[in-house]
Amino acid sequence: YQNAVKEALTYARDYQILGVHDVVAKLIDVPSELETALDMALGAAAQNIVTDTEETAKTLIEYLRQNRLGRATFLPVSSMKSRTLDDRERKLLSMKGCLGVASELCGFKETHRGVMEALLGRTVIAEDLDAGVQMMRAGGHQFRLVTLQGDVLHAGGSMTGGSANQRAQNLLGRDRVIRELQKELAQKSAVLETAMAAIGVLETKQEETLQAIDTARYKLQQQEIAVVRDTERQASAKAELEQHLARLTAVKDAVEQLNEDIEELQADLKRIAEQSADGAPDEEEMAKKTTELS
């Protein structure tokens, strides 16, 4: 909004000034395909402030003047009079390319009919400039006409057109854009909610999977410990077996040695017995043999 308009609306809101309706752009519902045409048709009037009476408008005007905040235009509902096409002019609405009267193609409260018809009751909307020129000629240039592209043919014959400055968003379409964005936001919020629910399910599954992995990892560690323990037992048993085998070998060797010693003793006894049979043994040799045997 223009600064004076913003200041007046802020003052009315903060000090609860009754009877201030809003700017024209907020009080009229324009189809999206007519936004450009109506934006050009209204021009600065889109920011005119609608009030209930002249007294309310006077209060805001005094506030702007005393504080040197600029100028604004006010449209009191009590004093605004409808201005519409007469019967002869309405017959032109059937011409090719004519879409209708601007005030009749928009929506607004019945309370604001006088204001809207004063602004747009004698404004006709045409599809293009060619159709507009033909209608204005037929009507004697007695009313105003605007095309869908935003060209304006004024009463009296003057014309305004060309390329309009591209603004971020005109006031007439702002509410529509807000509604569309709110609808889109609601849709995306629903998608987000569904996605978040899916994420929750996946996170639950992930937690279960992680728990299963931890359980499997614990079991694997226990198996590895058991394997190590069994391997150690096997190695210990193998070492004991080798010790026993070594002992067994030693015992076998000892037995063989004893058997050999026994055989030698038996041979010696036999030889001694034979010598005894032949006669008295040689005492010196017997003592020597006794020492060896000992």
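The values are calculated or read from the model by the stated rules, or taken from the named source; none is laboratory data. No experiment lies behind these values; they were computed from the predicted model shown. No Cβ is skipped: glycine too gets one built from the backbone with ideal geometry, and neighbour counts run over all protein chains shown. Side chains are part of the model used for accessible areas, which takes the heavy atoms of the whole protein and leaves out ligands, DNA and RNA. Shrake-Rupley method; radii C 1.70, N 1.55, O 1.52, S 1.80 Å.
Tabulated results
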item	result
Candidates G157, G162, filtered to the one that is over 45 Å from the mean Cα position of the chain (by Cα), surrounded by fewer than 21 Cβ atoms within 10 Å (Cβ to Cβ) and at positive phi	G157
G173 vs. criteria surrounded by 14 or more Cβ atoms within 10 Å (Cβ to Cβ), at pLDDT below 95 and assigned to a helix (DSSP H, G or I)	yes
Some residue of region 211-222 being of a type in the set (A, V, I, L, M) and closer than 22 Å to C106 by Cα	no
Filtered residues of region 113-140 (kept if open to solvent by less than 10 Å² (accessible area, probe 1.4 Å) and touching a residue at least 60 places away in the same chain (Cβ under 8 Å))	V115, M116, L120, T123, I125
Out of E180, E224, E203, sole residue that is open to solvent by 80 Å² or more (accessible area, probe 1.4 Å) and closer than 30 Å to D29 by Cβ	E180
